[in-house]
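Structure, as structure tokens:
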Amino acid sequence: MAKKASSIDFNMSETIRDILTENPKMGPKEVTDAILAKHPGAKINKNSFSVAFYTGRKKLGIKTSSGRGRKVGVRKSISGAAPKVDLARLQAAAKFLSEVGGAEAALEAIKQVQAVQVK
């Protein structure tokens with residue numbers, strides 16, 4: 001079945017973009033009022049308006065002023081990946097391990113040095 005022709009012909013998305021281009025700081029309530037002022041007999045579906053409003057803002061590059069939204073941070077690796085070390089430091093660490101006698105002895109030596117150092 002075909003849609004019933006609207007008695008008032010206007011493109012809601014185009015009208016919203018025109019209004020937001022004139023004043024990008026307008027909120028949804030103000031834009032709805034402006035549409036009803038331009039087209040007094042128009043019936044506006046709340047859901048359709050919401051989609052058209054936020055899509056129009058997005059296409060015009062208008063950011064929301066509120067600080068809400070998804071906060072995305074850098075995830076820390078739980079595997080305990082070591083930070084990048086240059087070749088000279090790796091060679092010095094290998095030499096230290098061989099002189100001390102292994103990783104456990106090296107850890108014990110490092111703990112003793114940290115205990116002695118005054119911060």
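Just so you know, all these numbers are worked out from the coordinates, no wet-lab data involved. Computed from a predicted structure; not experimentally measured. Positions of Cβ are backbone-derived with ideal geometry, glycine not excepted, and every protein chain shown enters the neighbour counts.
Scoring 26-38, 101-113 by mean Cβ neighbours within 10 Å over their residues and listing the highest first yields 26-38, 101-113. Within straight-line reach of residue 111, meaning a Cα separation under 19 Å, sit the following aspartates and glutamates at least 8 residues removed in sequence or on another chain: 99.
Would you mind estimating how fast segment 12-60 diffuses translationally, via Stokes-Einstein at 37 °C and 0.692 mPa s with the Kirkwood radius over Cα pairs, in µm²/s? Don't skip to the end; give the middle numbers.
Values: Rh = 10.6 Å.
In µm²/s, the coefficient rounds to 310.
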